[in-house]
Amino acid sequence: MELKETIKLNGIRAELLVGIIVAERVYEDFGYGMVITSITDSRHAPGSLHYAGGAVDLRTRDIKDAAMIKKITETIRKRLTKDYDVVMEKDHIHIEYQPKYS
Ligand SMILES: [Zn+2]
C-alpha cells in the first residue's frame with residue numbers, strides 16, 4: 001500500500017481503516033499495488049464524508065482494463081458490510097463508511 005504524497009489523514013475513522021485494509025488485500029489478490037490518493041485532503045463535494053475522515057479514494061489508473069476495475073470494486077463491496085459504500089468513479093474507487101441504522 002502506498003500513500004500519495006499529498007495525503008492528509010488526520011481524524012480518519014477506525015471503521016474506514018478496516019475498509020482500507022480489506023481493499024488493499026483485494027488489490028493484492030488481483031495482482032495490483034494499491035495507492036491511496038485522498039482521505040481528508042483535496043476538494044470534495046460539500047458535506048462529503050472525506051472531510052470527516054470517513055471516505056477514501058483509491059487510484060485505478062494503473063489498472064488498464066475497466067472490467068478489472070469493476071471486478072475489484074465489486075469484490076471490495078462483497079467483503080465489506082452494507083455500512084460501506086464502494087463506488088467505481090471515473091478515475092478512482094471511492095469507499096465511504098456510512099452506517100445504515102435500521
Ligand atoms: Zn471520494
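For the reader, a short list of remarks on this structure follows.
- Applied to the stretch 24-37, the Karplus parametrisation 6.51 cos²θ - 1.76 cosθ + 1.60 on θ = phi - 60° returns per-residue 3J(HN,Hα) values of 4, 5, 5, 3, 4, 4, 8, x, 10, x, 9, 10, 7, 9 Hz, with x for Gly and Pro.
- Bridging of residue 8 to lysines at a Cα separation below 25 Å is possible for 90, once same-chain residues fewer than 8 apart are set aside.
- The stretch 2-97: Rg to Rh, with Rh as the Kirkwood radius over Cα pairs: 0.93
Every number in this text was worked out from the coordinates using simple rules, so none of it is lab data. Please read all numbers here as calculations on a predicted model, not as lab measurements.
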